[in-house]
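Encoded as structure tokens, the structure appears first; notes follow it.
No value in this document is a laboratory result; all are computed from the given coordinates. Please read these numbers as outputs of a predicted model, since none were measured by experiment. Cβ: placed from backbone, ideal geometry, glycine included. Neighbour counts: every protein chain shown.
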Amino acid sequence: MLKRIKQYFGRLKRGLIGYFINTLEKTPPIPKNIATFDIGESVKKQKIKCYQIGHGTTKVLYVFCIHGNETGTVKLAHYFLNWSYSQEKKFNDYSIYIVPCLNPDGFELALKKPDYFNGGKIGRFNNNNVDLNRNFATPSFKTKAQWSFGKNYEEHKEVFCGNFGNSEPETKALIKLIKSKEIKVLFMFHNTGKDVMANQNVLAKKIAKIYSQKTNFKNLNHETWLNLRQTGTLKEWCDLNNVAYIEIEGSTRWGSDWKKQKEALQSTIFINKITSQDQLVEETMIEEAA
Ligand SMILES: [Zn+2]
């Protein structure tokens, strides 16, 4: 009985905090003159936008809100866009691509029906009810798979992953962008697991380590990730396609998390240039020899 009362008040508290954060923290507008193009359309034919800063050879992609219910990531994207645009001159050698919302249909639903007292789960999927981060054409792809959540990912739900890999327009749009721009480093933003995860790529592991140090988010290892039993993910797709992949699970569903992630975002952006692929190979060889 006592446990249930505690749970009830816990939910009430989290819900109220969520409501206030969502209401009080506005999304900063995007600078007017920033270069933009559409990468494709959602199921409901909403445009999926990408913003570009710089025209250099070091190409980095930042993707937010693949799960539409993670609305705070869109706010984070807008803060990050404003900051990178203000630093444009420093990014001469870069092309920074930012997709603030990969799942506009889910995002729209989440904004319409914010389920504050249930952890903000409405709007996760696209308009075909597909979990987009289980929809990538990889060897592990399954039509139905597991979604884990809760403090230590102890709760599970079955989710629909599409009838086949890459079936969804949002998935296709992202893959087309990665291939056409020859993206080598990709950051993907979720919430609210408070952790960071890299794929098997050496550069990604290096970035994840720094990101984790700067934010105090847990740096999940490969074994922990395997235990989540995720299938058809962008992480796995990036491993197969030689893209360094860093996944960040922020600390708030409705807020931007900008204060917590600002320093991590700002310091890891430069490592992509400093650590060229050649240097990485050298460093790995030294590490292995040591
Ligand atoms: Zn997510």
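Cysteines of the chain lacking any other cysteine beta carbon under 4.7 Å?
Cys50, Cys161, Cys238
Convert each backbone phi in the stretch 205-221 into a coupling constant with the Karplus relation 6.51 cos²θ - 1.76 cosθ + 1.60 (shift: θ = phi - 60°), then list the ³J(HN,Hα) values in order as whole Hz, x for Gly and Pro.
5, 5, 5, 4, 5, 5, 4, 5, 5, 6, 9, 6, 6, 5, 9, 6, 8
Highest GNM mean-square fluctuation, the chain, Cα pairs closer than 10 Å: which of Glu236, Glu223, Glu182?
Ranking Glu236, Glu223, Glu182 by mean-square fluctuation puts Glu223 first.
Percent antiparallel among DSSP beta bridges with both residues in the stretch 2-289, to the nearest 5?
In the stretch 2-289, DSSP labels about 50 percent of beta bridges as antiparallel.
Residues with beta-carbon under 14 Å from that of Lys144, excluding Lys144: net charge, scoring Lys, Arg +1 and Asp, Glu -1?
In short, +2.
Would you mind telling me the antiparallel percentage of the DSSP bridges in the stretch 110-219, rounded to 5?
The antiparallel fraction comes to roughly 75 percent.
Could you tell me the calculated FRET efficiency between Asn221 and Ser140, based on Cβ-Cβ distance and R0 = 22 angstrom, to the nearest 0.05?
After rounding, the FRET efficiency stands at 0.75.
Which shape class, rounded, prolate or oblate, goes with the stretch 2-289 when its Cα gyration tensor gives a ≥ b ≥ c as root eigenvalues, a/c under 1.5 marks rounded, and past that a/b bigger than b/c marks prolate?
Taking the square roots of the gyration eigenvalues as a ≥ b ≥ c, the stretch 2-289 is rounded.
Going 7 Å from the Cα of Leu111 toward and past its Cβ, which residues in the stretch 42-76 have a backbone nitrogen under 20 Å from where you end up?
42-52, 63-76
Give me the number: length gained by fully extending Asn33 to Lys121, i.e. 0.36 nm times residue separation minus the C-alpha to C-alpha distance, one decimal in nm.
Length gained between Asn33 and Lys121: 28.2 nm.
Taking the Cβ-Cβ separation of His156 and Glu263 as r and a Förster radius of 35 Å, what is the calculated FRET efficiency to the nearest 0.05?
The value I calculate is 0.55.
Once phi is turned into θ = phi - 60°, what whole-Hz ³J(HN,Hα) does the Karplus curve with 6.51, -1.76 and 1.60 give for every residue of the stretch 83-97, x standing for Gly and Pro?
Running phi through 6.51 cos²θ - 1.76 cosθ + 1.60 with θ = phi - 60° gives 5, 5, 5, 5, 9, 3, 4, 6, 9, 3, 8, 10, 10, 9, 10 Hz.
Return a whole-number percent for the relative contact order of the stretch 2-289, with Cα pairs under 8 Å and 6 or more residues apart as the contact set.
That works out to 21 percent.
Measure nothing but the geometry: give the 0 to 90° angle between the long axis through the Cα atoms of 169-180 and the longest principal axis through the Cα atoms of the chain, rounded to 10°.
It works out to around 10 degrees.
Given the -39500 (n - 2.57) contribution per DSSP H run of 4+ residues, what per-residue ellipticity at 222 nm results for the chain, rounded to the nearest 500 deg cm²/dmol?
Result for the chain, helices only: -12500 deg cm²/dmol.
List the aspartates and glutamates whose Cα lies under 15 Å from the Cα of Lys176, skipping any in the same chain that are fewer than 8 positions away.
Asp38, Glu41, Glu168
Modelled label-to-label distance, Asn82 and Lys13, 7 Å Cα→beta-carbon offset: nm?
Placing both labels 7 Å along Cα→Cβ, they lie 3.1 nm apart.
Please give the net charge around Leu12, taking every other residue with its beta carbon less than 14 angstrom from that of Leu12, where Lys and Arg add +1 and Asp and Glu add -1.
Net local charge, Leu12 excluded: +4.
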